[in-house]
Structure formats: structure tokens, C-alpha cells
Amino acid sequence: MSPDRSRLHIAIQKSGRLNDRSRQLLRDAGLKLSEAGRNQLTTRADNFPLDLMLVRDDDIPTFVADGVCELGIVGQNVLEEYALGQAAPRFEEVARLGFGSCALKIAAPESLDCFTLSMLAGQRIATSYPRLLQRFLVQEGIEAEIVTMRGAVELAPRLGIARFICDLVSTGATLEANGLAPVAEVFHSEAVLVRSLKPIDAAHAEKARALLMRIEGVIATAEAKYIVLNAPEAAISEISAILPGAEAPTVVPLVGRPGHFAVQAVCQESVFWETLERLKAAGASAILVMPIEKMML
Ligand code: ATP
Ligand code: ZN
């Protein structure tokens with residue numbers, strides 16, 4: 001079945017670490033998603049002209065580069081590995097999504113007392129990310145042999161395939177369980193939204209723009225809070241400087257309290273208890289911190 005070209009298409013991971021958060025992001029952007037059956041390749045949004053293509057994460061760069069999907073959600077690690085094998089870029093990153101954070105790291109046997117990068121010279125390093133590793137080794141001026149494996153890279157040293165490995169790490173528990181320790185970071189990654197550079201017609205572009213605006217709104221509201229507080233006039237500039245990630249706050253006079261104002265602001269960064277204590281010390285009172293449900297920038 002060929003894709004319905006009157007609708008937009010977004011490629012997301014079918015199952016795995018990115019699946020839940022990718023769907024959640026689209027739901028937060030107001031899309032009603034039908035549940036996909038296990039063997040289904042696509043599922044649709046009921047209230048937006050968007051089809052989800054559910055694929056292996058490794059296939060997402062190809063789908064987006066070829067324009068089969070106008071958009072995709074994938075880890076920068078997969079994206080960059082793919083891009084390094086291409087002559088010219090065929091997609092662009094449009095937003096960092098704040099999940100799926102991990103790092104591609106070189107790991108050495110725990111039994112090694114000390115480690116320097118020069119110890120990699122002439123050694124075999126097993127990885128599923130040969131291009132990212134190769135770029136790192138060239139940058140560091142190290143000549144080593146890269147052994148490409150599709151999975152279970154952490155087993156390579158035990159199997160005698162390679163002494164070192166280069167693999168994705170978030171907590172380090174898998175490395176530890178295999179007697180390995182991280183020694184160098186090659187690439188840091190998180191999930192991103194990508195857009196195909198293949199030209200699309202104006203109607204499609206308009207739908208894509210509307211969806212991107214909603215997604216940007218979801219990302220912006222993730223940490224954002226609305227703060228309201230009262231303050232004497234003399235304290236307002238100090239208070240404004242403390243408000244985390246706020247643009248110019250709204251300042252309105254309080255009826256019956258000359259010289260006192262209500263200050264209102266959207267804070268784009270986390271508001272901690274320490275922030276409230278600093279605001280209070282600067283002269284603020286009746287401080288309210290409220291979640292923001294939706295935002296369009
Ligand atoms: P697929 O079947 O889609 O090919 P996979 O096994 O390659 O799945 P997952 O393990 O689900 O992929 O990881 C998907 C992405 O999640 C990774 O490419 C990476 O961007 C991110 N990620 C976050 N933390 C980790 C981690 N600790 N290990 C591996 N990937 C991680
Ligand atoms: Zn994969």
C-alpha cells in the first residue's frame with residue numbers, strides 16, 4: 001500500500017526506547033492517535049492530516065531523506081551516523097526534544113588501571129557506529145581498527161572480537177555488567193525532530209508548519225511556569241533579574257496599595273524553591289507559581 005499523499009507522514013520508532021515519548025509528544029501536541037496493531041506499519045491521527053510510520057529507528061533517516069516521510073523523530077546518534085555516509089544533507093534537525101538522552105562512549109576493560117586515548121592505537125574497537133567513531137579517531141589522530149557489529153557490542157571483548165568497544169551509554173549499568181568502564185565520550189545525543197529537505201507542495205508545507213508550531217509549544221511549556229507575585233516598586237528590577245528565563249514581565253499597580261505592584265511573567269526555565277526564597281528576600285510576597293498548559297510562540 002503506497003502512502004496517502006494528501007496527508008503528512010512522520011516516521012517514529014515502532015518499539016524501543018523512543019516509542020513512548022515520541023507518541024506522547026504528538027499527543028501533547030493535540031493529536032488523537034489510534035492504537036497500532038502489532039504488524040501495522042502506519043497509524044493515523046484522527047484529528048489532523050498526519051500518518052505515523054512505525055519503523056526501526058535505523059530506517060528513519062532514510063525515510064526522511066527520501067521524502068517518504070516529511071518528518072521524523074530519531075536519536076541524533078542514528079541521524080549523524082547516517083549523515084556522515086551521505087554526500088549532501090537531505091534533512092535538517094528542527095527541534096531537540098529533551099528525551100532519549102545518551103552518549104556514545106568508548107569503554108575499556110575494568111581491569112585496566114589507567115587509560116589514555118593513545119592506548120587505542122593499533123587496537124580493535126567494536127561498534128555499531130563506525131562513522132562517528134572514525135570521525136572521533138581522526139580528530140584525535142589515532143589509528144585503530146574499527147569492527148562493525150549490529151548489536152550486542154558489549155559482548156565483543158568477552159568473545160575476543162575486540163579489546164575495546166564504542167557503544168551507547170546512559171546509566172553505564174550494561175557496561176559494568178560486562179566488566180567494562182567508559183573512558184571517552186565520542187558523541188552526545190538526544191531525540192530530535194527532523195524535516196526532509198525534499199521540496200513539498202504548499203498545502204503540505206502549511207500542515208507541517210502548523211504541526212511544528214504545536215510541537216515547539218509543547219517543548220517550550222515542558223519546563224515553563226507562570227509566576228505572579230506582589231512587590232514594592234523599588235524591588236521590581238531586582239525581582240525581574242531573578243525570574244528564570246523570563247522576558248519583560250507585566251507590572252500592574254495594586255489598587256489601594258500605592259507603590260506596590262503585581263508582577264506577572266512566564267518563566268521558561270525551572271523554578272526551584274531556592275528561586276522563590278531569593279524572590280522573597282528581594283521583597284516579593286504572595287508568590288504564585290502555576291503550570292502552563294499550552295503555549296504558542
Ligand atoms: P530498533 O528496533 O528500532 O532498531 P534499537 O534497539 O536500535 O531499536 P533502542 O535501544 O530502542 O534502539 O534505542 C533507540 C534510541 O534511544 C537510540 O538510538 C538512542 O538515541 C536512544 N537511547 C537513549 N538511551 C540509550 C541507551 N542507554 N542505550 C541505547 N540507546 C539509548
Ligand atoms: Zn536500531
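The values are calculated or read from the model by the stated rules, or taken from the named source; none is laboratory data. For clarity, every value in this text was computed on a predicted model and none was experimentally measured. Counting neighbours? That spans all protein chains shown, and the Cβs are built from the backbone with ideal geometry, glycine included. Surface accessibility is based on the protein's heavy atoms, side chains included, excluding ligands, DNA and RNA. Shrake-Rupley method; radii C 1.70, N 1.55, O 1.52, S 1.80 Å.
General observations
- The residues of the range 215-236 that are of a type outside the set (A, V, I, L, M), modelled with pLDDT of 95 or more and open to solvent by 80 Å² or more (accessible area, probe 1.4 Å) amount to a single one, E233.
- For the range 54-79, taking the residues that are more than 14 Å from ligand 2 (Cβ to nearest atom) and open to solvent by 40 Å² or more (accessible area, probe 1.4 Å), the one that is farthest from A126 (Cα to Cα) is identified as V68.
- Where a residue in the range 1-22 is in a loop (DSSP other than H, G, I, E, B) and within 16 Å of ligand 2 (Cβ to nearest atom) and its partner, wherever it lies, is among the charged types (D, E, K, R) and at pLDDT 95 or above, with Cβ under 7 Å and at least six apart: K14/R56; G16/D57; L18/D57
- Flag if R209 is away from ligand 2 (no atom under 16 Å from the Cβ), open to solvent by 70 Å² or more (accessible area, probe 1.4 Å), of a type outside the set (S, T, Y) and within 30 Å of L137 (Cα to Cα): no
- In the range 8-61, the qualifying residues are those that are closer than 28 Å to G85 by Cβ and charged (D, E, K, R), and the one that is farthest from the chain's Cα centre (by Cα) is D51.
- The set of residues in the range 248-274 being open to solvent by less than 80 Å² (accessible area, probe 1.4 Å), over 12 Å from L288 (Cα atoms) and not in a strand (DSSP E or B) consists of P249, L254, G256, G259, Q268, S270.
Here is a yes/no grid of residues against (1) assigned by TED's automatic domain parsing to the domain that holds T62; (2) open to solvent by less than 20 Å² (accessible area, probe 1.4 Å); (3) within 16 Å of ligand 1 (Cβ to nearest atom):
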{"position": "K14", "(1), (2), (3)": "yes, no, yes"}
{"position": "R17", "(1), (2), (3)": "yes, no, yes"}
{"position": "D20", "(1), (2), (3)": "yes, no, yes"}
{"position": "L25", "(1), (2), (3)": "yes, yes, yes"}
{"position": "D28", "(1), (2), (3)": "yes, no, no"}
{"position": "R38", "(1), (2), (3)": "yes, no, yes"}
{"position": "P49", "(1), (2), (3)": "yes, no, no"}
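- Residues of the range 90-136 classified as touching a residue at least 60 places away in the same chain (Cβ under 8 Å) and under 30 Å from L197 (Cβ atoms), total: 15
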